[in-house]
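Since every read-out is calculated from the coordinates, none of them should be taken as a lab result. Keep in mind it's a predicted model, so treat the numbers as computed, not measured. Backbone-built Cβ (ideal geometry, glycine too); neighbour counts: all protein chains shown.
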Ligand code: NIG
Ligand code: FE
């Protein structure tokens, strides 16, 4: 065993390499290598190119060979930069109520919604929570997601938020998929507190220093929305998060605008949702370094319009796409299906959709070692049973990957 493995020949390799972080793209900008192969050493890509050349190098290095004997297209493993997959219970009742005419904010105001999941998640033991998180994480991995962000936000007390972050970290260490934990202590105001400020003060004083010291996460999120946190209430939380050195990400402009402006002011790595962002917000986002992460699964789950992805790109913004998998607004949790449908509605070409699921999504998590297939990048790769990359989005979720490699290890084939 030399630690080297070569795989191929692939009908096409879509490297997603050498493409800009911002702005519109064209399919002609995609680097497509035909009849191609990849040489890996352990978890890292060593060489990528024409199969014969890669094979010659592999033979010099005595690499083991994993031969692909039917047509296949290879691309970087997907990165899902916004999920809430650590939760207990179901919100099928909310979904039924919404489809009978109630709105998400009305259900929340009447004590259902996020609060319902908080109660069930608090009741769940760490073991049970971890089991369901592992099941959902493996589902993502087998469907091509090799890195997923996972938020807390259903604990909403110092101890319960800590419990969720511990569960996410433990699941990450037990699984091949990389889980990136984010503290969403400011999801809604928990019912035990008279106001947002008294709760957030406790989070700032008792949770932030501990999760920082224990390295349970390096990202902090807040839901800025009517019925959640108002822009002026959230400032001390974001200031403290920034002072502790956390990266900031914001649930912004989902039903009402206001969040994206705060995200930009606080130098957030991403502003997520943006369904109701207008021209002013789009312009601000495009002029900033904050990545616009859109969540088509939430639009599909709530039956509302998509975020203005086309306009964000045309204005020069950077666009990532995430599943937002959660029990309330986005129960489907299918990144490929929701991204493909977003592409059809928002007129995003293959390059723009795939960029949003690969290197632009990696940037939304500040990861620079994945999301593209090039030397020294992680060997996180997915292969589809077709000979033309355009088949992947065309099938709108019905052509899942046949091969998934995570850190150079073949997970499914
Ligand atoms: O991203 N909008 C706020 N948070 C989640 C939904 C969480 C829930 O409803 O449980 C979202 O859509
Ligand atoms: Fe969310």
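Can you tell me the alpha carbon radius of gyration of the range 164-238 divided by the globular rule-of-thumb value 2.2 N^0.38 Å? Each step should come with its number before you reach the end.
Working: Rg = 13.6 Å, N = 75, 2.2 N^0.38 = 11.3 Å.
The reported ratio for this selection is 1.20.
Using square roots of five times the C-alpha gyration tensor eigenvalues, list the equivalent-ellipsoid semi-axes of the range 1-138 in whole Å, biggest first.
Here the semi-axes work out to 46, 21, 12 Å.
Would you mind pulling out the separation of the Cα centroids of the range 26-48 and the range 289-352, in Å?
For the range 26-48 versus the range 289-352, the Cα centre distance is 26 Å.
Show me the ranking of peptides 310-318, 126-134 by mean Cβ neighbours inside 10 Å, starting with the highest.
Details: 310-318: 20.6, 126-134: 16.6.
Highest to lowest by the protection proxy: 310-318, 126-134.
Ranked highest first by the average count of other Cβ atoms within 10 Å around their residues, in what order do 351-362, 41-52 fall?
Details: 351-362: 26.8, 41-52: 17.6.
Most protected by this proxy first, the peptides run 351-362, 41-52.
Let me check I have the definition right: for the range 109-167, take the eigenvalues of the Cα gyration tensor, multiply each by 5, take square roots. What are those semi-axes in whole Å, largest first?
Working: eigenvalues 103, 37, 22 Å².
Taking √(5λ) for each eigenvalue gives 23, 14, 11 Å, largest first.
Treat each spin label as a single point 7 Å out from the Cα along the C-beta direction, and report the residue 410 to residue 27 distance in nm.
3.0
Counting pairs of alpha carbon atoms under 8 Å apart in space and at least six apart in sequence, what relative contact order in percent does the chain give? Show your work: numbers first, answer last.
Numbers: 982 pairs, mean separation 85.3, N = 413.
Relative contact order, the chain: 21 percent.
How long is the range 256-377 along each principal axis, judged by its Cα atoms, biggest number first, in Å?
Cα spread of the range 256-377 along its principal axes, largest to smallest: 43, 32, 27 Å.
Where q = 0.15 Å⁻¹, what log10 of I(q)/I(0) comes from the Debye formula for the range 20-60, counting one point per Cα?
-0.50
Could you work out the Kirkwood radius for the range 162-308, taking every pair of different alpha carbons, averaging 1/r and inverting it, reported in Å? Write out the running numbers ahead of the final one.
On the way: mean 1/r = 0.0628 Å⁻¹.
Hydrodynamic radius (Kirkwood, Cα only) of the range 162-308 equals 15.9 Å.
Take the alpha carbon atoms of the chain, find their radius of gyration, then divide it by 2.2 N^0.38 Å using N residues; give the quotient. Write out the running numbers ahead of the final one.
On the way: Rg = 21.1 Å, N = 413, 2.2 N^0.38 = 21.7 Å.
Here the Cα radius of gyration is 0.97 times the empirical estimate.
Could you work out the Rg to Rh ratio of the range 57-151, with Rh taken as the Kirkwood radius (inverse of the mean 1/r over all Cα pairs)?
On the way: Rg = 20.7 Å, Rh = 17.0 Å.
Here the Rg-to-Rh quotient is 1.22.
Take the alpha carbon atoms of the range 253-281, find their center, do the same for the range 97-150, and report the distance between the two centers in whole angstrom.
23
Just want to confirm a number: the relative contact order over the range 54-150, from Cα pairs under 8 angstrom separated by 6+ residues, in percent. Write down the numbers at each step before the final one.
Numbers: 68 pairs, mean separation 43.8, N = 97.
With pairs under 8 Å counted, the relative contact order is 45 percent.
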